[in-house]
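Derivation of every value follows stated rules applied to the coordinates shown; laboratory data play no part. Values in this document were obtained by computation on a predicted structure and should not be read as measured data. A quick note on method: Cβ atoms are made from the backbone with ideal geometry, for glycine too, and the neighbour counts reach across all protein chains shown.
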Amino acid sequence: MNHLKTFTLLAVLTALFVGAGYMVGGATGMLIALVLAGVMNVVSYWNADKIVLRMYGAQEVDATHPQPLVRNFVQDVHALADGAGMPRPRVCLIETDQPNAFATGRDPEHAAVAATSGLLGMLDRDEIRGVMAHELAHVKNRDTLTMTVTATIAGAISALANFAMFFGGRDEEGRPTGMVAGLVLMIVGPLAAGLVQMAISRAREYEADRIGAEIAGDPESLARALQKIEAYAHRTMNVAAERNPATAHLFIINPLAGRKGDSLFSTHPSTANRVEALMTLSAASGPRRRAGTAVPVTGARTGPWGS
């Protein structure tokens, strides 16, 4: 069923892109858009992780990093992956003050998880583990390929719509289609792409929260992390995300300023709703169980890493 949903999603996005090509250049534009969509799908499949990580300037880090904060981060990601019976993903760090994180890659064997320096500096160790367990859940569910390809094609649809706004559309005989068609494309293209992103992202985020809480064995730490990230993410500009809004659904919390809640155009569920679901899960699961680590836990940490 998951593969069917993925195929349907990509088919819808490809159709939107091809339709936008028709509006811009008639039959020729449609053919060019179809070829480009095929190329983008292939390139995204084989290079999904590289595309997004390069976009955000993410640098791979390992357990030999000179900063203890980062070493602990890498070790905990590896421990969580081992505990979940998953291949260890590449671990990356993004230098930005906004607290956030995402996962990417075409499958669990070729995955990468990334966290921002703002997230490492703001959350305690248990909370960071909860966030990274959420990202590992996306990898385990094989969400990462779909989410990255969605970002690629949705971005292309928006770019094509902008092109149409300046140059107008043409029919199959090369005649201008007029201002109305251009306006329709300019509005409907990005709107449709955004609605598709919204449809996949909300359900996947709730499921990744649930499975991530199971991987970390601590729903409450993830709930606290979501609340903290939400509180600070929209106060701090993520320049790369603002330049690439089609990638917003990749992050654990929407990185775009001023976009909160379950509004029509939101790519994420309400954080309050996610926290409520996690707290319900915590109450049902009983005492916390910290999975995938050799370090015993004597209680929730409240200070920064290394304190």
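For residue 106, what residues show an amide H to amide H distance below 5 Å, using hydrogens built from the backbone and excluding near sequence neighbours?
The list, which skips near neighbours in sequence, is 48, 49.
Residues of segment 100-118 with amide nitrogen under 15 Å from the 7 Å Cα-to-Cβ point of residue 235?
Inside the label zone: 100, 118.
If you wrap a convex hull around the alpha carbons of segment 1-128, what volume per residue comes out, as a whole number of Å³?
133
When the chain is fully extended, how far beyond the present Cα-Cα distance does residue 242 get from residue 63, taking 0.36 nm per residue of separation?
61.3 nm
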